[in-house]
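Chemist: Handing you a structure now.
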Amino acid sequence: MLLIWNRPGFVEELSEEERNAIFSDVDVIMKELTESGELVGGEALAHPSQTRTVRPGAGGPEITDGPFVESKEQFAGYLMVDCETPERAAEIAASWPDVTRGVGVLEVRPVMEQAGTEM
């Protein structure tokens, strides 16, 4: 799984030309991954202001507004890819526009098998 982290709202700060370039780059990568059969799925996430975090509390679970992490970068979306090697997944992540344009990072993490053993 490729976890996409970036600063909420950064896209609105870009010029129309910059936005179009980023979305065009995403379209190219998504087409390549679809054609190669490596794309399993993915989604962008809603703005962090729509987040609710549930954590244990003294009187039971506590629900608060906002994401768990206190940082500028927030979990913004994900791609599920099916690659031959972890290096290939990292290669895909390195080509993602958030990384190449310096506006975010991608975390590459294997998904656990249903048996519960990690890769």
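The values are calculated or read from the model by the stated rules, or taken from the named source; none is laboratory data. Keep in mind that what you see is a predicted model, and the values were worked out from it rather than measured. Backbone-built Cβ (ideal geometry, glycine too); neighbour counts: all protein chains shown. In case anyone asks, the SASA skips ligands and DNA or RNA and just uses the protein heavy atoms, side chains included. Shrake-Rupley method; radii C 1.70, N 1.55, O 1.52, S 1.80 Å.
Chemist: Among the residues of the stretch 81-96, is there at least one that is of a type in the set (Gly, Ala, Ser), more than 17 Å from the chain's Cα centre (by Cα) and open to solvent by less than 80 Å² (accessible area, probe 1.4 Å)?
Modeler: Checked against the condition, which is being of a type in the set (Gly, Ala, Ser), more than 17 Å from the chain's Cα centre (by Cα) and open to solvent by less than 80 Å² (accessible area, probe 1.4 Å), the stretch 81-96 yields no hits at all.
Chemist: Out of the stretch 29-60, which residues are without any contact (Cβ under 8 Å) to a residue 12 or more places away in the chain and either over 17 Å from the mean Cα position of the chain (by Cα) or open to solvent by 80 Å² or more (accessible area, probe 1.4 Å) (or both)?
Modeler: Passing the criteria: 31, 32, 34, 35, 36, 50, 54, 56, 57, 58, 59, 60.
Chemist: When you scan the stretch 52-73, do you find a residue that is closer than 16 Å to residue 104 by Cα and at pLDDT 90 or above, even just one?
Modeler: For the stretch 52-73, residues closer than 16 Å to residue 104 by Cα and at pLDDT 90 or above: absent.
Chemist: Taking only pairs six or more apart or across chains, which ones have beta-carbon atoms under 6 Å, a first residue in the stretch 78-101 that is farther than 15 Å from residue 27 by Cα, and a second residue that is crowded, with 17+ Cβ neighbours inside 10 Å and acidic (Asp, Glu)?
Modeler: 81/38; 82/38; 83/38
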